[in-house]
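Below is one structure, written out as structure tokens; comments come after it.
FYI, it's all coordinate maths here, none of it is from the lab. Remember, predicted model here, so these are calculated numbers, not experimental data. Cβ atoms come from the backbone with ideal geometry, glycine included; neighbour counts cover every protein chain shown.
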Amino acid sequence: MYDPQLLKQLVRERALRFGDFTLVSGKKAKYYLDGKQVTLDATGARLVGEGILDLLGDDLPQAVGGMSIGADPITAAIVTMAGVRGLSLAGFMVRKEPKGHGTERYIEGPVQPGDRVAIVEDVVTTGGSSLLAIERAEAFGLVVTRVIAIIDRLEGGAAAFAARGCAFASLLTIADFGIEPPAP
């Protein structure tokens, strides 16, 4: 069963670091969230998988996936927990670069053009990584219905997804840790 308090505790203990950091978006930050410290932990993976399945609710897409390598353990956790619950759900990966051999695709996994999918992400700041995943998924022919993150830094990602026509939800926000997002 999903326990948001336990997930917050794991994030606080294992993933949240304070200092001076440069994020993928290029923004400077006084804190960093290393999502892999949670998603590659047995308890963390279970909580993330259960929590995101709960957010997906009854309107389950055909697949979930996101940018490799950050979204890979999240995808695996969700698909595994779906299997435990007896639900049909596939996973897929969006490569940063297409393979130089074989199919030479950006999208890997048991998905087909026309499938309804959700993009998953560990931490959303501006939404750039997920927007790239959306672009590549749609170019493949997938229908992206929403984006779901573990943590929203509350720094513009939700607005970027809304502008793209994608619903957005997260299990936690940075405010859950008593951190105020920077002023716009």
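Structure data summary
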| item | result |
| --- | --- |
| Nitroxide proxy distance, nm - points 7 Å out along Cα→Cβ at ALA162 and ARG116 | 2.3 |
| Number of Lys pairs (Cα under 29 Å; 8 or more positions apart or on different chains) in the chain | 11 |
| Mean Cβ count within 10 Å, highest first, over the residues of peptides 168-175, 138-145 | 168-175, 138-145 |
| Two-site FRET efficiency, ARG17 against THR145, from Cβ-Cβ distance with R₀ of 25 Å, rounded to 0.05 | 0.15 |
| Protection proxy ranking, peptides 39-48, 149-158, 19-28, average beta carbon neighbours within 10 Å, highest first | 149-158, 39-48, 19-28 |
| Estimated FRET transfer efficiency when R0 is 25 angstrom, pair GLU138-THR80 (beta carbons, to 0.05) | 0.45 |
| 222 nm mean residue ellipticity, helices alone, for the chain (DSSP H n ≥ 4; -39,500 (n - 2.57); rounded to 500) | -9500 deg cm²/dmol |
| Stokes-Einstein D (µm²/s) once Rh is taken as the Kirkwood radius of the chain over alpha-carbon pairs, at 20 °C in 1.002 mPa s | 130 |
